[in-house]
Protein chains: 2
Amino acid sequence: MQALILSIGTEILLGNITDTNSQYLANHLKDLGIDVYKMITVGDNKKRLKNVLEEADGKYDYVFMTGGLGPTEDDITKEVAVEVCGLDNELELDKSSLEMLEDYFNKKNKAISINKKQAIFPKSATILKNPKGTAPGCILKSKNNTKFILLPGPPHEMTHMFDNEVKKYLESSYIIKSVTAKTAFLREWDMASRVDLTGDNPTISPYATDNGCILRITAKAKDEKEADEILKKGIKRLKNH
Amino acid sequence: MQALILSIGTEILLGNITDTNSQYLANHLKDLGIDVYKMITVGDNKKRLKNVLEEADGKYDYVFMTGGLGPTEDDITKEVAVEVCGLDNELELDKSSLEMLEDYFNKKNKAISINKKQAIFPKSATILKNPKGTAPGCILKSKNNTKFILLPGPPHEMTHMFDNEVKKYLESSYIIKSVTAKTAFLREWDMASRVDLTGDNPTISPYATDNGCILRITAKAKDEKEADEILKKGIKRLKNH
């Protein structure tokens, strides 16, 4: 299963906020055995978002999208994704989402106003509840069998929806498990000359951080037990050096 | 001036680290009046990196790349960028970079070994010194007039190089200045119904965070003074609501 993680928001391109959603998704998708091939960030711009979605359609099994599900004019994620999937002709007001929204606004003694659009979905969409905010998410399936998974931008809404609503719909044929080790060697060059970095499963890769060099050992396996055995082999290989 | 920010590293796609480099660059490029159109992250994979660079070539004025400049086999950034720019036939050992590397290793009583490749650059490259590590950066110009700016991955090396080496080479025809304001309204829907979000310069956009809703007012101008006047107009418009 191959995935793209896509964040949508001009505030990220301006450097106003750090995109922590992508790392959260990457980290959890890895554990679920879904390979993240790329991450992309675009602004609140219809044309550019559409280009990215059209390119991704048919190329990835999953496209995880965060942001742009709000009620304002510049929140364009659902509209564009619906268009790319060719689902514009089956839009309808989802009663259960509308009820949740009405409930939310009643409690605040407010009229629902512009938020009504957040309850409109294509008939074939899988709707993902958002008890933490007003924007429900959804899964849209394109004619090219790509699943577009639309999640809200605020991290506490996104992570709650991913953990409680999204995970159960994801498929995977294997798991990926990795362990990282901080090494006594301080720099990448030093490690590379001392450690055998060849081999496919597990892979062993060094990477440099501001706090020194890290070795990442990664196994691909059908289950946890097999993964642990493969990781053990990798660690043994390291110790022999 | 239009820019792409590209981070390279499997460790980011696996969620092992947060990519703080992209936010740093975005934030500083905005102040320099360079528009960031997109951010992309790819792993240490030659084919996929090459695809991204080929697509970016001629489309952007600047492509800021972080990561993959280390000495090991999986550090492929420079090799791929040189290939895409068609500069493979003018590679040479840069004496001054080699001296800095030799100096670095002499101080540690180490042989330079695999790091020698870090001192090899195309003749036409602008080389960017790295007093904080072993990987010099560089600026490569393609035949389609895109400048590829290669920077190291470790944040303290990257930020130092950007501030001290890269900035002086960047051109821009205007500046972008933005201010953000936390609002008394708690949610995006509330703000959107009370605030006039139309207008081009300044633009006024709300975005939701875990700590409530933020309004961003952004001006595009020829200098700081003009930008401040435009921002003042935007703030006045908000106050009238």
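The values are calculated or read from the model by the stated rules, or taken from the named source; none is laboratory data. Since the structure is predicted, the reported quantities are computational estimates derived from the model, not experimental observations. For neighbour counting, all protein chains shown are included, and Cβ atoms are generated from backbone atoms with ideal geometry for every residue, glycine included. Just the protein is used for accessible areas: all its heavy atoms, side chains included, with ligands, DNA and RNA removed. Shrake-Rupley method; radii C 1.70, N 1.55, O 1.52, S 1.80 Å.
Total accessible area buried between chains B and A, 1.4 Å probe, in Å² to the nearest 100? Please report the intermediate quantities before stating the final value.
Working: alone 13480 and 13470 Å², together 22220 Å².
Its buried surface, counting both partners, is about 4700 Å².
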Check: Using a label point 7 angstrom from Cα along Cα-to-C-beta, what distances in nm, from shortest up, separate B:V179 from the other copies?
Finding: 5.4
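Could you work out, residue by residue across A:227-233, how many beta carbons of other chains sit within 10 Å of that residue's beta carbon, and then give the average as an integer? Don't jump to the answer; show the numbers that get you there.
Working: counts 0, 0, 0, 0, 0, 0, 0.
Per residue, the average neighbour count from other chains is 0.
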Next item on the list: Could you check how much of the accessible area of the protein assembly as shown is carbon and sulfur, as a whole percent, using a 1.4 Å probe?
Entry: 48 percent
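Pull out a ≥ b ≥ c, the square roots of the eigenvalues of the alpha-carbon gyration tensor of the stretch B:11-139, then state rounded if a/c is under 1.5, prolate if not and a/b is larger than b/c, and oblate in the remaining case. Intermediate values should be presented prior to the final figure.
Values: a/c = 1.62, a/b = 1.45, b/c = 1.12.
Prolate shape, in that a/c is at least 1.5 and a/b is the bigger ratio.
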Check: Where does each of B:86-93, B:137-144 land if you order them by average Cβ count within 10 Å, highest first?
Finding: B:137-144, B:86-93
Next item on the list: Mind checking which chain B residue has its Cβ closest to the axis relating B to A, and how many whole Å off it is?
Entry: B:I40, 3
Next item on the list: For B:I5, tell me the accessible area in Å² from a 1.4 Å probe, rounded to the nearest 10.
Entry: 0 Å²
Next item on the list: Would you mind listing the distances between the B:I120 label point and the same position in each other copy? Use 7 Å along Cα-to-C-beta, nm, one decimal, shortest first.
Entry: 5.8
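Quick one: accessible area per residue over the stretch A:93-205, 1.4 Å probe, rounded to a whole number of Å²? Walk me through the numbers on the way to the answer.
Details: 5770 Å² over 113 residues.
On a per-residue basis, the stretch A:93-205 sits at 51 Å².
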Margin query: Give me the inter-chain shielding for B:153-165: mean count of other chain Cβ atoms within 10 Å, whole number please.
Written below: 2
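State to the nearest 20 debye the size of the charge dipole of chain B about its Cα centre, where the only charges are +1 on K and R beta carbons and -1 on D and E beta carbons.
Values: 35 positive and 35 negative charges, 130 e Å.
Computed charge dipole of chain B: roughly 620 debye.
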Notebook entry, point to check: If you count the DSSP beta bridges with both ends in chain B, what percent of them are antiparallel, to the nearest 5?
Noted result: 60 percent
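Give me a single rounded figure for A:36-48: the average over its residues of other chain Cβ atoms within 10 Å of their Cβ.
Values: counts 7, 6, 9, 10, 6, 10, 4, 6, 2, 2, 0, 0, 2.
Partner Cβ neighbours, averaged per residue: 5.
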Check: GNM, chain A, Cα, under 10 Å: largest mean-square fluctuation among A:K116, A:K147, A:K129?
Finding: A:K116
Next item on the list: List the distances, in nm and shortest first, from the label point of A:D210 to the matching label points in every other copy, placing each point 7 Å from Cα along the Cα-to-Cβ direction.
Entry: 2.0
